[in-house]
Amino acid sequence: MPKITIDGIDFDAPKGWTILDTAKFLGLEIPTLCYNEGLTVWGGCRLCIVEIGIGEQSKIVTSCTYLAEEGLIVRTATKRIIEARKMILELLISQCPTSKILQDMAAKMGLNQVRFKPKWEDCIYCGQCVRMCEEQMMAKAIGFANRGNKLKITTPFNVASEECRRCGGCMYICPACTLRCEGPKPENVLCGRCYNELQPTCLDSFDNYSCWMGLKGECGTCEREEAEKKKGV
Amino acid sequence: MVKLFTSGQLEKFRQKILANKPGKRSISISCGTCGQARGALKVAEAFKEAAKAHKDKISIKLTGCHGFCEAEPNVIIFPEEIFYRNLKPEDAEIVVKSILDGDIADGLIYRENGNSFIHVHEIPFYKKQMRILSGKNPLIDPVNIEDYIAQGGYKAMAKALCKKPEGIIEEIISAGLRGRGGAGFSTGRKWEITRSQKGDIKYLICNADEGDPGAYMDRSLLEGNPNLIIEGMIIAAYAIGANESWVYVRNEYPLAVENVTAAIKQARELGLLGEDILGSGFDLNIKIAKGAGAFVCGEETALITSIEGKRGIPKQRPPFPAQYGLFGKPTNINNVETLANIPVIIDKGADWFAGIGTKTSKGTKIFSLVGNVRNTGLVEVPMGITLREVIFDIGGALNSETVKAVQIGGPSGGCIPQELFHLPVDYESLTGAGAIMGSGGMIVMDENTCMVDIARYFTNFLQEESCGKCSICREGTQRMHEILTDITEGRGKEEDLDLLKDLGSVIKDASMCGLGQTAPNPMLSTLEYFRNEYIAHIKEKRCHAGICKALIQYLIDPKKCTGCGLCKKNCPQQAVEGEPKKPYSILQEKCIKCGVCYDVCKFNAVGKENREVKNA
């Protein structure tokens, strides 16, 4: 079992564990987006980056792909890492501001500015749907097409595919198509940031006053809904 | 063709070829892709016609590129090495006559600054070069393996096959050869890692996916001397223990594909490839894989997935290709130029090779020198030569005062300003200055180049060529391009510069592969050395070079305009108005700033001026 040091904790990681596996086991939080336990690793979203090594020799790697190796020194939350993660998230959120998962992550990481023009796209190209379709649904009905700024996920030749069984696995796993709640400032690229005050945020359905935190008004949704109801009456 | 079974037979075969070579004069015509584009084949036809009657005295050879693009089509007369430049078909007779008379055709020799140069080694372009790899191109017909063997070809291979693989690796390590594809990793170490992996099946790949705009040294080597690469591959494969290998070459290089295919076929017929090469018991097959033109496929892991028949996207390392590469087997990938160095090192010895260059960078490097220089072409220089020597002495920069910068290393390289031209050309100095060795593109830029626009241009290339797998590279390059476009179009804000810098450093740090890790270089290096130009674009909305179309307008100087009407005739928008013999003027609302009037005016009456741009 390789001995690794992760955020100062010495640990004998079982063979075949990645840095991410180890961190999760130890309860150290590393944000992930394109990672899913049931799928092969992709390493594309870059949010799970960690710093390995110390001093001048240190470098940034993705924890989801990097296997724990003897003597590895890992730091999961250095300044360099936090800043890089924030920049990556800023890019992703400006691409797809409607994703709840991204918004929650932003609130949690303390990302409070988006300096890029919002693109309001629906996809962040994390590729989870492609892997889901191929590896779990054995369909291979969708895949990446083109590259660079023309990249997209689609069926072959953009026509409805016979391979697709309409199982919905792609939608199930998509981190971008879970819509964020509107919050008090719906017009903003960043949402109302309720995350830090009441966790978990944006419950799927809730009554006006049955906020699970027993709060009223912080995130504003209930009050707005009440106002709208009154208007309707 | 005879089949060679031992190195002794190879030597005898070589002697036979040399003995059959009569002492006649030979005309080498540069017929690479570049030469052909400028009519070399027609010139070659004319030469064949002119020399038809003198077959006993003159032989004609269609060779690969001689390196001197500016002088294409050019010929070299051997053995005297007389150089004739920019020939037309009708010049063939004059040259042939001069050869028969033992004379020199005065009108066709190379001239520069009023001096004329007869022999190749006297010409300033060639004088400071050290052409250990490309120097044999003029002597070799690429589709005739006998030419290569006559030049001592496959001698190094025969020598290597008698040694132990470990010995060869040691020799390459002590020669200090580093990868010429850009990253500069020690070639010998790379081989050692691949060799030390468990398993019997290992692969070798020659990376000829040269995607940088304006870089073509790999193409010239593959086209001009394919056997050199094959010999290098055989030695490399023997050293790492591979029996299967690939040449991954761009489909856009049809001549290179053709010549390599022919060379592989001939080598196979001679028994220099295939089973039991020269009785050593070592087998090697070389296959050709053609790339479909994605820039990112030059990256090792993307190249591997492309050969496997999948979408060419990089994989996160580790595992490195040396551990888990093509079809899951340990794979060694070397660049064309790296492999070309191998036979030379084995032949002349590691000490000889290590004697060239600087402490950390050994040997020579081929650069494609283009841009605002008189002598564009492929230059092979020893490592450690200064940029100034390359640009001014070899390239002959048109005006030393106006040269602003040189862009090195292709689209992900950086711009080095003239103040730093004293830097030696080696991996460390270039990286330290914010550029990279890359594959070796060198674009010289003068005062008519806008550095912001250059950064925008290269970033645009990268945002289109990023594979899109990793978020930071895909979105980051798009955002860099967006901000740079804003700046060149007069919508820039001062805080954009800080954002660009932050964004650039994260892209560099957190990207998956080499493309992303170097993508911000053009922007970061211009931002560091030419910040004043960025500021001028943002604050004053001025582009001093007159390149950024949104910030300039074309005006006709009534004092200089003779009323010839050429601009009006050529304007695609009918934006020029006026009557003949009277000064014309440009209707700004119709003008699309294509610059045709500026280009066609013979009296310099059309000028570019910065115009007032209202803040967006």
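The values are calculated or read from the model by the stated rules, or taken from the named source; none is laboratory data. Quantities reported herein were computed from a predicted structural model and do not represent experimental measurements. Positions of Cβ are backbone-derived with ideal geometry, glycine not excepted, and every protein chain shown enters the neighbour counts.
Quick check on my filter: what residues within region B:98-126 are farther than 13 Å from residue B:374 by Cβ and either of a type in the set (Ser, Thr, Tyr) or assigned to a loop (DSSP other than H, G, I, E, B) (or both)?
Once the filter is applied, which keeps residues that are farther than 13 Å from residue B:374 by Cβ and either of a type in the set (Ser, Thr, Tyr) or assigned to a loop (DSSP other than H, G, I, E, B) (or both), region B:98-126 yields B:98, B:102, B:103, B:104, B:105, B:114, B:116, B:118, B:126.
Every residue in region A:132-158 that is in a strand (DSSP E or B) and out of contact with any Ser or Thr (no Cβ under 6 Å at 6 or more places or on another chain), please.
Of everything in region A:132-158, those that are in a strand (DSSP E or B) and out of contact with any Ser or Thr (no Cβ under 6 Å at 6 or more places or on another chain) turn out to be A:143, A:144, A:152, A:153, A:154.
If the requirement is being surrounded by fewer than 22 Cβ atoms within 10 Å (Cβ to Cβ), touching a helix residue (DSSP H, G or I) at 6+ places or on another chain (Cβ under 8 Å) and either farther than 30 Å from residue B:464 by Cα or among the β-branched types (Val, Ile, Thr) (or both), which of these qualifies: B:225, B:243?
It is B:243.
So, in region B:518-568, how many residues would count as being part of a strand (DSSP E or B) and under 18 Å from residue B:419 (Cβ atoms)? Please lay out each step first, then the result.
Quick first cut of region B:518-568, residues part of a strand (DSSP E or B) only: B:552-556.
Still in the running and under 18 Å from residue B:419 (Cβ atoms): none.
Of the residues in region B:518-568, 0 are part of a strand (DSSP E or B) and under 18 Å from residue B:419 (Cβ atoms).
So residue B:411 fits all but one of (1) in contact with a helix residue (DSSP H, G or I) (Cβ under 6 Å, 6 or more places away or on another chain); (2) part of a loop (DSSP other than H, G, I, E, B); what number is the exception?
Here residue B:411 meets the rest and fails (2).
How many residues does region B:259-307 hold that are more than 15 Å from residue B:209 (Cβ to Cβ), in contact (Cβ under 8 Å) with a residue 40 or more places away in the chain and in a helix (DSSP H, G or I)?
Going through region B:259-307 one residue at a time, the tally reaches 10.
Pick out the one residue from B:136, B:190, B:202 that is closer than 23 Å to residue B:329 by Cα, under 24 Å from the mean Cα position of the chain (by Cα) and either surrounded by fewer than 24 Cβ atoms within 10 Å (Cβ to Cβ) or of a type outside the set (A, V, I, L, M) (or both).
None of the others qualify; the one that does is B:190.
Rundown of residues vs (1) assigned by TED's automatic domain parsing to the domain that holds residue B:370; (2) part of a loop (DSSP other than H, G, I, E, B); (3) over 22 Å from the mean Cα position of the chain (by Cα), yes/no style:
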{"position": "B:14", "(1), (2), (3)": "no, no, yes"}
{"position": "B:36", "(1), (2), (3)": "no, no, no"}
{"position": "B:44", "(1), (2), (3)": "no, no, yes"}
{"position": "B:62", "(1), (2), (3)": "no, no, no"}
{"position": "B:86", "(1), (2), (3)": "no, yes, no"}
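Got a number for residues in region B:191-249 being without any contact (Cβ under 8 Å) to a residue 60 or more places away in the chain and hydrophobic (A, V, I, L, M, F, W, C)?
4
Return the residues of region B:462-516 that are under 18 Å from residue B:412 (Cα atoms), part of a loop (DSSP other than H, G, I, E, B) and more than 10 Å from chain A (Cβ to nearest Cβ); say none if nothing qualifies.
B:513, the sole residue that qualifies.
Let's see how each residue does on (1) touching a Ser or Thr at 6+ places or on another chain (Cβ under 9 Å); (2) modelled with pLDDT under 90:
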| residue | (1), (2) |
| --- | --- |
| B:8 | no, no |
| B:24 | yes, yes |
| B:29 | yes, no |
| B:32 | yes, no |
| B:38 | no, no |
| B:47 | no, no |
| B:53 | no, yes |
| B:67 | yes, no |
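What pairs come up if the first residue lies in region A:136-160 and is away from chain B (no Cβ under 12 Å), the second is aliphatic (A, V, I, L, M), and their beta carbons are under 8 Å apart, counting only those six or more places apart or on different chains?
A:136/A:39; A:142/A:130; A:142/A:153; A:154/A:142; A:154/A:145; A:155/A:141; A:155/A:142; A:158/A:145
For residue B:310, only one of the following conditions fails: (1) assigned to a helix (DSSP H, G or I); (2) free of Cβ contacts under 8 Å to residues at least 24 places away in the same chain; (3) not aliphatic (A, V, I, L, M). What is its number?
All conditions are met except number (1).
Can you name the residue in region B:422-461 that is more than 14 Å from chain A (Cβ to nearest Cβ) and of a type in the set (Phe, Trp, Tyr) and, of all such residues, is farthest from residue B:403 (Cα to Cα)?
B:427
Considering only region B:329-362, state which residues are of a type in the set (D, E, K, R) and either over 22 Å from the mean Cα position of the chain (by Cα) or surrounded by fewer than 17 Cβ atoms within 10 Å (Cβ to Cβ) (or both).
Of all residues in region B:329-362, those of a type in the set (D, E, K, R) come to B:329, B:337, B:347-348, B:351, B:359, B:362.
Scanning region B:329-362 gives B:329, B:347, B:348, B:351, B:359.
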